[in-house]
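Undergrad: Mind having a look at this structure? Questions to follow.
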Amino acid sequence: MPYTPREIEPKWQSRWKAERAFATDQDASKPKYYVLDMFPYPSGAGLHVGHCEGYTATDVLARYKRAKGFRVLHPMGWDAFGLPAEDFAIKHGVHPHDRTQETIANFKKQINSLGFSYDWEHEVDTTSPEYYRWTQWIFLQLFHKGLAFQDEIAVNWCAALGTVLANEEVKNGRSERGDHPVERVMLRQWMLKITAYADRLLDDLEGLDWPTSTMVMQREWIGRSEGAEITFATELEGESITVFTTRPDTLFGATYMVLAPEHPLVEKLTTAAQRDEVQRYAHSAKNKSDRERQEALGAKKKTGVFTGSYAINPVNGAKVPVWIADYVLWGYGTGAIMAVPAHDQRDYEFAQAFSLPIVQVIAPKGGGSMPEGEAYEVSGDDAVMVNSGSFTGLSSAEGKKKIVGELASKGVAKPTVNYKLRDWVFSRQRYWGEPIPIYFPVEMERADGDPRKGDAHKIRYDQPIAVREADLPLRLPPTTDFKPSGDPLGPLAKLQDWRFFQQDGQWFARETNTMPQWAGSCWYYLRFLDPKNGEHIFSSDLENRWMNVDLYVGGAEHAVLHLLYARFWHKVLYDLGHVTTKEPFAKLRHQGMVLGEVEYTGWKVDSDWITAKDVGEELDPSEERPGIWATLKKGSALAQAVKLSETQVKKAGEGFVVSEAPSILVDARAHKMSKSRGNVINPDDVVAEHGADALRGYEMFMGDFEQAKPWDTRAIKGITRFVNNVWMVVFEPKDCEGDAHAKLRHKTIKLVGERIETFKFNTALSALMEYVSALQSKGATKADREALVQLVAPFAPHLAEECWEALGHKELVCKQPWPSYDEALTIDDVLVIPVQVSGKMRGTVEVARDATEEQVKALAMALDNVQKALEGKTLVKVIWVPAKMLNLVVK
RNA sequence: GCCCGCGUAGCCCAACGGUAGAGGCAGGGGAUUUAAAAUCCUCAGAGUGCGGGUUCGAGUCCCGCCGCGGGCACCA
């Protein structure tokens with residue numbers, strides 16, 4: 001009977017569905033296991049092989065844990081608000097809602113075709129009013145706690161596109177899409193006060209089982225920094241400049257000050273003589289996006305302008321000039337710094353550029369040498385204060401405390417902690433997002449005026465009113481006009497009848513901005529517990545039974561934002577008593593990126609080969625220039641990529657060269673899958689050709705789960721052979737003498753379980769490959785076949801069900817307990833022990849497991865090779881690692 | 001520039017500090033076939049990116065480089 005995945009896979013999928021095989025087990029007597037995937041944005045492009053990797057891993061865990069006696073919650077849903085559906089709507093005239101439902105249906109079909117064991121009775125869709133009702137509800141909790149507030153902030157406004165753009169969407173002051181001008185404008189935005197949770201978000205990372213790289217990124221993003229605020233008097237009566245510094249010990253070396261161009265004191269401190277120049281500089285700085293300011297870094301050239309004013313250094317009364325420069329950020333600290341060029345590289349470069357004095361006040365402890373041509377940035381106990389009045393001789397660490405202490409007593413300093421983390425800009429000028437459940441009083445110029453008709457009115461944004469919880473959800477109003485209007489209020493503002501309403505004769509206006517896409521994904525793992533609850537966000541009983549998430553799997557691209565935002569909301573809900581755990585996700589793993597197939601790329605300028613070493617940066621794809629192009633390291637010509645087949649290249653030393661031109665190196669590497677490169681693998685095609693079980697198996701077999709690895713279409717064959725072999729062992733059985741494989745079987749059961757738990761799926765499969773090939777060549781018992789099928793089941797569940805049935809079972813294999821093993825049978829009684837002489841391999845001896853050092857040594861000494869190696873030498877030491885190896889050390 | 005990860009056979013990848021190979025792809029030979037595909041059997045293939053060090057023993061630990069990937073980047 002041939003193996004036909006096309007027939008058996010749909011068969012078992014419908015059987016699982018009919019029997020509700022993956023309905024969440026609520027049996028409280030069992031230990032719980034909540035295994036969660038980062039739910040996808042259902043894009044029009046459909047499921048990606050990268051999704052499949054993560055989903056297969058969690059599915060393997062879910063199936064394994066069920067078999068191990070856990071009650072498992074394994075849900076799936078849709079993060080479905082967002083820009084692509086809205087863009088599609090504008091372009092094709094399909095409502096984002098309809099488009100979203102189509103893409104969801106497609107995703108769901110694809111996911112189901114892979115046989116994942118999700119409990120669809122817990123499905124959520126962030127765009128359904130039943131869901132976003134509670135997203136809005138959480139927003140109101142934030143609002144009532146003062147954690148959601150409005151502020152005027154500088155944003156990238158693109159008038160042509162009619163929207164605010166993220167920093168990533170702005171290049172050289174123009175929009176990435178459409179190349180329209182972008183300006184920095186002040187706009188009223190809703191903000192969430194995530195900074196109030198900075199310390200807890202930092203401290204509670206401790207104890208989480210997360211990848212260290214992700215924890216490091218979160219720590220750096222929060223960017224806690226301890227220092228002090230110090231106030232400098234100015235020449236102007238009543239005006240002073242407060243700076244934040246982490247190096248109060250360098251105060252004697254502060255030879256000038258810098259204000260950010262946006263700083264309000266700039267206006268006051270600028271002297272008449274400097275006014276024109278300062279204004280010009282401030283204006284151009286303001287129009288730069290944050291990104292442009294960062295790009296200026298690449299140029300390494302500091303710019304700035306003297307205001308004409310001076311401030312007084314509080315520690316020594318020195319008069320220091322006040323400059324403005326864009327290397328000081330308005331958004332961090334106080335937007336002003338004391339510049340210590342001797343001990344801060346940025347200040348050093350600025351001082352060099354403008355010939356400002358550089359005064360050394362810190363020296364290496366014990367009189368070591370100072371670096372030349374750069375700042376000496378060492379602090380702590382290895383650095384000593386010099387040239388610092390009464391503080392001279394103190395260590396940098398002591399000096400910090402003493403200087404701040406002394407200035408604090410005079411009221412001009414205080415210890416301060418700063419964070420890089422900013423409050424979260426929470427408004428979007430979009431249609432396809434959750435409406436913000438807030439409205440504002442409207443003051444009419446004429447008592448009988450109607451704001452919907454454009455009568456003169458004023459919206460009191462300073463008096464926000466929360467929609468009553470009973471009135472949630474505040475539904476997204478139907479419209480066919482999602483196009484940006486050029487108005488920062490967003491498309492909802494065009495719906496006058498929705499926007500304005502009258503109550504007791506008073507007019508009100510709704511907030512017309514919507515929430516960002518992050519909102520829905522901030523708490524979906526909680527709604528999964530109780531997705532149909534119409535009374536409460538979720539029942540506290542279920543929260544108690546299931547939280548927190550035991551395993552969370554998703555891409556590393558969410559290492560900071562999503563995971564930080566979700567943790568923030570979780571802590572707010574914790575403070576309000578709605579959840580009982582401080583952290584939502586106990587264990588986190590990221591799947592490595594699945595790259596395209598390895599490609600051999602040669603480079604040509606016109607028709608001449610260029611060796612890969614001379615090729616510089618690859619250019620972004622563009623429509624005018626089809627193909628892939630790169631700059632050259634020398635000269636201005638562009639090189640075009642020529643894709644070569646394996647037969648057109650050959651290995652030469654470290655790299656590959658063009659066969660016909662062996663001096664020409666080619667690039668041999670796998671690239672990210674992308675449309676423009678044309679190397680995207682569609683999982684549907686793989687399922688159609690090889691079956692879902694083979695795809696799942698291949699995804700797990702490719703390599704280390706957390707490491708990036710290339711797709712290799714040919715290598716799938718290895719898995720299809722394996723899957724076929726499992727099939728043959730069951731459907732074309734060959735018996736063996738006695739229980740010949742008992743040891744191997746028990747070892748395999750042990751290994752597969754251990755390797756699933758430690759995410760070593762590739763080696764779990766290699767153990768299964770060994771096992772199946774043994775059963776195939778030497779025959780199998782019923783116990784062998786049953787164990788094989790059960791161990792394979794998490795990876796290839798359809799195949800396993802079909803085999804299980806063929807073995808005479810009525811029950812589903814996914815409902816069976818995991819096979820157990822006998823530890824004693826996993827241990828070999830005869831061992832092959834390597835024998836080394838002075839660390840070099842000289843042979844092996846076969847001994848009983850409990851052989852003593854003397855026994856092994858005697859056997860080893862008898863080996864020819866060992867005797868030769870020992871000839872004329874004295875044995876000085878014997879290293880015996882029981883059951884591992886013997887090393888005879890000679891002189 | 002800084003931080004993290006990774007460099008093992010033609011390729012993808014394994015290897016508690018203890019015989020460099022678990023597994024897979026590709027390749028050679030053979031069986032089967034009219035032939036091919038598929039399948040099966042079988043063989044070969046690297047001394048672990050480079051240079052030092054620690055150790056009885058280093059792919060594994062330490063130091064310094066190189067390459068690739070990812071992240072951060074004037075945060076005072």
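The values are calculated or read from the model by the stated rules, or taken from the named source; none is laboratory data. Quick caveat: nothing in here was measured; it's all calculated off a predicted structure. So basically every Cβ, Gly included, is an ideal-geometry build from the backbone, and we count neighbours across all protein chains shown. Please note that ligands, DNA and RNA were not included when accessible areas were found on the heavy atoms of the full protein model with its side chains. Shrake-Rupley method; radii C 1.70, N 1.55, O 1.52, S 1.80 Å.
Undergrad: So for chain A, taking the charge dipole from beta-carbon charges (+1 Lys/Arg, -1 Asp/Glu), which of A:S128, A:H97, A:P10 sits furthest toward the positive end?
TA: Projecting each Cα onto the dipole axis, the largest value belongs to A:P10.
Undergrad: Show log10 I(q)/I(0) for region A:1-128 at q = 0.15, 0.17, 0.19 Å⁻¹, two decimals, from a solvent-free Debye sum over equal Cα scatterers.
TA: -0.78, -0.94, -1.09
Undergrad: Moving on. Provide, for q = 0.13, 0.21 Å⁻¹, the log10 of I(q)/I(0) from a solvent-free Debye sum over equal Cα point scatterers in region A:509-603.
TA: -0.57, -1.13
Undergrad: As a test of the formula, what do you get for chain A when each DSSP H run with n ≥ 4 contributes -39,500 (n - 2.57) and the sum is divided by the residue count, at 222 nm and rounded to the nearest 500 deg cm²/dmol?
TA: Computed ellipticity for chain A at 222 nm equals -9500 deg cm²/dmol.
Undergrad: Rounded to the nearest whole Å², what accessible area per residue is found for region A:44-156 with the 1.4 Å probe?
TA: The answer is 31 Å² per residue.
Undergrad: Suppose every Lys and Arg Cβ carries +1 and every Asp and Glu Cβ carries -1, with no other charges. What dipole size does region A:716-803 come out with about its Cα centre, to the nearest 20 debye?
TA: With only Lys, Arg, Asp and Glu charged at Cβ, the dipole is about 300 debye.
Undergrad: Rounded to whole Å, give me the distance from the Cα center of region A:444-504 to that of region A:859-879.
TA: If we compute the Cα centre of each part, the gap is 92 Å.
Undergrad: So what's the angle, to the nearest 10 degrees on a 0 to 90 scale, between helix A:761-778 and the longest Cα principal axis of chain A?
TA: For helix A:761-778, the angle is close to 10 degrees.
Undergrad: Can you list the residues of region A:411-442 with backbone N under 12 Å from a point 7 Å past the Cα of A:Y332, pointing along Cα to Cβ?
TA: Label zone hits: A:418-422.
Undergrad: Whose amide H sits under 5 Å from the amide H of A:R842, counting only residues 5 or more places off or on another chain, with H placed in the peptide plane?
TA: Under 5 Å from the amide H of A:R842: A:V835, A:Q836, A:V837.
Undergrad: While we're looking at this one, here's another question. Against the longest alpha carbon principal axis of chain A, how many degrees, from 0 to 90 and to the nearest 10, is the axis of helix A:212-222 turned?
TA: 10 degrees
Undergrad: If N is the number of residues in region A:408-452, what value comes out of its Cα radius of gyration divided by 2.2 N^0.38 Å?
TA: Cα Rg divided by the expected 2.2 N^0.38 Å: 2.36.
Undergrad: Expressed as a whole percent, how much of the Cα-Cα distance distribution for region A:459-511 exceeds 17 Å?
TA: 46 percent
Undergrad: Would you work out which of A:V417, A:C52, A:P364 lies farthest towards the positive end of the dipole of chain A? Charges go on Cβ: Lys and Arg +1, Asp and Glu -1.
TA: Value: A:P364.
Undergrad: Continuing with the same structure: What are the radius of gyration and Dmax of region A:198-351, computed over its Cα atoms and given in Å?
TA: According to the Cα coordinates of region A:198-351, Rg and Dmax are 17.6, 60 Å.
Undergrad: Rounded to whole Å, give me the distance from the Cα center of region A:792-843 to that of region A:647-675.
TA: Answer, in whole Å: 40.
Undergrad: Once phi is turned into θ = phi - 60°, what whole-Hz ³J(HN,Hα) does the Karplus curve with 6.51, -1.76 and 1.60 give for every residue of region A:660-671, x standing for Gly and Pro?
TA: Karplus-based 3J(HN,Hα) across region A:660-671 equals 7, 9, x, 8, 9, 6, 10, 7, 10, 6, 9, 10 Hz.
Undergrad: Also: Treating only the Cβ of Lys, Arg, Asp and Glu as charged (+1, +1, -1, -1), what charge dipole size does region A:568-623 show about its Cα centre? Round to the nearest 20 debye.
TA: It works out to roughly 800 debye.
Undergrad: Calculate the translational D of region A:614-751 in whole µm² s⁻¹ from Stokes-Einstein, where the hydrodynamic radius comes from the Kirkwood formula applied to all Cα pairs, the temperature is 20 °C and the viscosity 1.002 mPa s.
TA: 110 µm²/s
Undergrad: Let me ask another. Once the Cα gyration tensor of region A:764-891 is found, what semi-axes does its equivalent ellipsoid get, as square roots of 5 times the eigenvalues, in whole Å, sorted largest first?
TA: 47, 13, 12
Undergrad: Considering only protein heavy atoms and a 1.4 Å probe, what is the carbon-and-sulfur percentage of the accessible area of region A:1-56?
TA: About 57 percent, which is the carbon plus sulfur part of the accessible surface.
Undergrad: So, with +1 on the Cβ of K and R and -1 on the Cβ of D and E, and no other charges, what is the size of the charge dipole of region A:361-408 about its Cα centre, to the nearest 20 debye?
TA: 240 debye
Undergrad: Moving to a separate point now. With the full set of protein chains in place, find how many percent of the accessible area of region A:586-648 is carbon and sulfur; take the probe as 1.4 Å.
TA: C and S atoms contribute 49 percent here.
Undergrad: Would you calculate the separation in nanometres between label points at A:E239 and A:R677, each defined as 7 Å from the Cα along the Cα-to-beta-carbon direction?
TA: With each label point 7 Å from Cα toward Cβ, the separation is 5.5 nm.
Undergrad: Tabulate in residue order the Karplus-calculated ³J(HN,Hα) for region A:193-210, using 6.51 cos²θ - 1.76 cosθ + 1.60 with θ = phi - 60°, rounded to whole Hz; enter x for Gly and Pro.
TA: 7, 5, 5, 5, 9, 3, 5, 5, 5, 6, 5, 6, 5, 4, x, 7, 8, 10
Undergrad: Between A:R475 and A:K109, 0.36 nm times their residue separation minus their Cα-Cα distance comes to what?
TA: 129.0 nm
Undergrad: If you don't mind, there's one more thing I want to ask. Any idea which of A:G779, A:L595, A:L561 is furthest toward the positive side of the dipole for chain A, if Lys and Arg beta-carbons carry +1 and Asp and Glu beta-carbons -1?
TA: A:G779
Undergrad: How big is Rg to Rh over region A:101-247, alpha-carbon atoms, Rh as the Kirkwood inverse-mean-distance radius?
TA: 1.08
Undergrad: Moving on. List the relative contact order of chain A as a percent without decimals, with contacts defined as Cα pairs under 8 Å and 6+ residues apart.
TA: It comes to 13 percent, rounded to a whole number.
Undergrad: Roughly speaking, to the nearest percent, how much of region A:779-891's 1.4 Å accessible area is carbon and sulfur?
TA: Using a 1.4 Å probe with all protein chains present, region A:779-891 comes out at 52 percent carbon and sulfur.
Undergrad: Under a crude label model (7 Å from the Cα following the beta-carbon direction), how far is A:N387 from A:S369 in nanometres?
TA: With each label point 7 Å from Cα toward Cβ, the separation is 1.9 nm.
Undergrad: Moving to a separate point now. For A:H536 and A:T647 in the same chain, what is the full-extension length gain: residue separation times 0.36 nm, less their Cα-Cα distance, in nm?
TA: 33.6 nm
Undergrad: Based on the alpha carbon coordinates of region A:274-416, what radius of gyration and maximum Cα-Cα distance (Dmax) apply, in Å?
TA: 16.8, 49
Undergrad: Please report the spacing between the Cα centers of region A:406-436 and region A:1-64 in Å, no decimals.
TA: A separation of 42 Å, based on Cα centres.
Undergrad: Which three numbers, in whole Å and largest first, are the semi-axes of the equivalent ellipsoid of region A:332-438 derived from its Cα gyration tensor as √(5λ)?
TA: Ellipsoid semi-axes (Å, largest first): 39, 20, 13.
Undergrad: Rounded, prolate or oblate: which fits region A:386-471 when a ≥ b ≥ c are the square roots of the eigenvalues of the alpha-carbon gyration tensor, with rounded for a/c under 1.5 and prolate only if a/b beats b/c?
TA: Prolate.
Undergrad: With labels modelled as points extended 7 Å from the Cα through the Cβ direction, what inter-label distance (nm, one decimal) is found for A:E617 paired with A:R219?
TA: Taking the simple label geometry, A:E617 and A:R219 are separated by 3.1 nm.
Undergrad: Same structure again: Counting only Cα, what are the radius of gyration and maximum Cα-Cα distance Dmax of region A:819-887, in Å?
TA: 14.2, 56
Undergrad: For the Cα atoms of chain A, what angle does the longest principal axis make with the long axis of helix A:96-113, in degrees from 0 to 90, nearest 10?
TA: Rounded to the nearest ten degrees, it is 20.
Undergrad: Now for a different question. How much length is gained if the chain between A:R545 and A:S773 is pulled fully straight, taking 0.36 nm per residue apart and subtracting their Cα-Cα distance, in nm to one decimal?
TA: In short, 77.8 nm is gained.
Undergrad: To continue, here is another question. Pop out the Kirkwood hydrodynamic radius of chain A from its pairwise C-alpha distances, inverse of mean 1/r, in Å to one decimal.
TA: 33.0 Å
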